[in-house]
Amino acid sequence: MGDEKTLRDRAEIALNRRNEPSPEDFVPSPDDSRLAIHELEVHKAELEMQNDEMHRVEEKLNKSMDRYFQLYNLAPEGFVTLGEKGIILEANFSIGGMLGVIKSQLLGQPITRFIFADDQDSYYLFTRGPFEKGRSRFCELRLVKEDGAIFWARLLATELFITAGARELFLAISDITERKLAEDQLLASHQENKYLLAELQHRAKNSFSLIAGMIGIAASYGGNSGSDKILDELSLHVRSVAELYTLLNSSGSISEIRLDDYCARVITPLVELRGSIRLESDLDEIILPVKMATPIGLILTELITNAIKHAFPDGKSGSIKVALRRKEGGASLTVADDGVGLASDHDSRVRPGMGLSLIRSLSQQIDGSFTMQSGNGTVCSVDFPLLDPKKPTRKTILLVEDDFLVAASNSATLDQFGYEVVVANTGEKAVKLATEGAVTNLILMDIDLGKGIDGLEASALILKQRNIPIVFLSSNAEAQTVDRARALSPYGYVIKNSGAFVLQAAIEMALKLFAAKGFR
């Protein structure tokens, strides 16, 4: 019985399976059919819309590719994309034209193949190390064409990271040969003018010395004591002007001068006029326009010679003290003696025509005022403004750079900024100009100066003798070098080829910081 029941159950299951409807036997209802047709039509519309959108995107992409082709490949500037080791990955037609190479032949070549041998180090420093985020770098160097011709180029580099960890450089290259030729011509003209000016100053100095010598000869043969004194005084005035040209010729500046140095030169020959009189000087370091120095030199000569003649009669001994003092808004030149003082008719103390009237006239030329007081001796003072009232003075920058072309380019830029520029091509010359020359308001110091002492050593020697703000202008970006420079001078460190705007800003900030510390 048990087996029969089991068999029956199995038979019923098999029958039920035979009676299940197959998909072919399924007949959809009208509603199901309409819904299915609607879904198919919606899907078809979606596909058509997607197809239209793909066509629009493809059209935009083609236009973008055309625009990229025109902007990149047909740009007037040369464009190059470099891989990690400086291999050219992409290039446009313009750079091919510049180098005389078909574009396809540039790909896979190292960019250094086209850089002039003497500029390889400059290029290495230019591309070395990571770039500041969001900032580009530029430099100027020489490139070599396929046929060996050399031309000047300006390279603007931007750092790219297309794939994770892979560094690429995008270079925009411009041919600046014509500009460089114009700069060379301008520099040659500038150097010629400086040479002519130096020659003129030298000849003027010699002419004054010759005139002074002839006056001395005439005085020695005069035989008339009154005439001899006049000739001697005239000789001293001529020599005071000659000393100005001597100082100008040695300083390298044509517009400003160290007044304290000039006064010291004027005083020196006057010490020998009478051995019984001691001549002392205490001179502040003062800078002023050359055109103001000549009247001051003549005033100083006149005051000292008059003191020697009138303050110590009958060969009496004594002392004359000369003081040059900076004061608010100007300066004061004082000549004081411990002689007999002024007579009641004190104007006779200074010879009419050539004495008091000359001093007052010369004082007016520099917008100064002259005073004379008597007590235990006589004190004569001239107070005058330091700035030329007719023309603002230009600050002087000592540019220390051993590369002639870089110095020429930077000199032209600084001149456009309104600065007077004196150039030194060695560390030794920089030390001499900064410590013995005329005015130096700021020093732009290269660090690598070839033979001799470097910029850091030169700066240390200068700062031992003079307090001058120094801004380092160098291609050297090593942390150790920057730290050494910062320890010497806190006024700035500019990487070369940072641009004219950065250079101007660095100079202005350094001068303001120097002034804020109470220096001038």
| task | State which residue is farthest from residue 511 (Cα to Cα) when the search covers only the stretch 427-455 and only residues that are β-branched (Val, Ile, Thr) and under 17 Å from the mean Cα position of the chain (by Cα). | result | 447
| request: Those residues that are at pLDDT 85 or above and among the basic types (Lys, Arg), I need them from the stretch 427-454; list them, please. | output: 429, 432
| Would the stretch 466-489 turn up any residue that is small (Gly, Ala, Ser), under 25 Å from residue 136 (Cβ atoms) and surrounded by fewer than 18 Cβ atoms within 10 Å (Cβ to Cβ)? | yes
| query | Would you say residue 159 is touching a Phe, Trp or Tyr at 6+ places or on another chain (Cβ under 9 Å), in contact (Cβ under 8 Å) with a residue 12 or more places away in the chain and either under 20 Å from residue 500 (Cβ atoms) or in the same structural domain as residue 500 (by TED's automatic domain parsing) (or both)? | reply | no
| message | Please determine whether any residue of the stretch 417-426 is touching a Pro at 6+ places or on another chain (Cβ under 8 Å), modelled with pLDDT under 90 and surrounded by fewer than 20 Cβ atoms within 10 Å (Cβ to Cβ). | response | no
| task | Could you tell me whether any residue of the stretch 370-384 is modelled with pLDDT under 85 and in contact with a helix residue (DSSP H, G or I) (Cβ under 9 Å, 6 or more places away or on another chain)? | result | yes
| Hey, residue 133 in the same structural domain as residue 152 (by TED's automatic domain parsing), surrounded by fewer than 10 Cβ atoms within 10 Å (Cβ to Cβ), assigned to a loop (DSSP other than H, G, I, E, B) and at pLDDT 80 or above or not | no
| query | Taking the stretch 387-401 as the search range and keeping residues that are at pLDDT 80 or above and in contact with a helix residue (DSSP H, G or I) (Cβ under 9 Å, 6 or more places away or on another chain), which one is nearest to residue 307 (Cα to Cα)? | reply | 395
| field | Scope the stretch 449-472; condition without any contact (Cβ under 8 Å) to a residue 40 or more places away in the chain and not aliphatic (A, V, I, L, M); matching residues | value | 451, 452, 454, 457, 459, 464, 465, 466, 472
| query | So which residues in the stretch 302-317 are more than 18 Å from residue 380 (Cα to Cα) and in a helix (DSSP H, G or I), if there are any at all? | reply | 313, 314, 315
| request: Would you check if residue 33 is without any contact (Cβ under 8 Å) to a residue 60 or more places away in the chain and under 30 Å from residue 158 (Cα atoms)? | output: no
| message | I need the full set of residues from the stretch 456-487 which are among the small types (Gly, Ala, Ser), modelled with pLDDT of 90 or more and either in a strand (DSSP E or B) or in contact with a Ser or Thr (Cβ under 7 Å, 6 or more places away or on another chain) (or both), in order please. | response | 459
| Does at least one position in the stretch 111-130 carry a residue that is in contact with an Asp or Glu (Cβ under 8 Å, 6 or more places away or on another chain), free of Cβ contacts under 8 Å to residues at least 24 places away in the same chain and in the same structural domain as residue 89 (by TED's automatic domain parsing)? | no
| task | Say whether the condition of being more than 24 Å from residue 358 (Cα to Cα) and in contact with a Phe, Trp or Tyr (Cβ under 9 Å, 6 or more places away or on another chain) is met by at least one residue in the stretch 291-312. | result | no
| message | With the requirement that a residue be of a type in the set (Asp, Glu) and surrounded by 22 or more Cβ atoms within 10 Å (Cβ to Cβ), what does the stretch 293-335 give you? | response | 302
| said: Go through (1) surrounded by fewer than 18 Cβ atoms within 10 Å (Cβ to Cβ); (2) among the charged types (D, E, K, R); (3) more than 30 Å from residue 422 (Cα to Cα); (4) modelled with pLDDT under 80 for residue 360 and report which single condition fails. | reply: (4)
| Residues of the stretch 88-129 being within 24 Å of the chain's Cα centre (by Cα) and surrounded by 15 or more Cβ atoms within 10 Å (Cβ to Cβ), which ones? | 119, 122, 123, 125, 126, 127
| message | Residues that are among the charged types (D, E, K, R) and not in a helix (DSSP H, G or I): does the stretch 71-82 have at least one? | response | yes
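The values are calculated or read from the model by the stated rules, or taken from the named source; none is laboratory data. Source: prediction; values computed, not measured. Neighbour counts run over all protein chains shown; Cβ positions are idealised from the backbone, glycine included.
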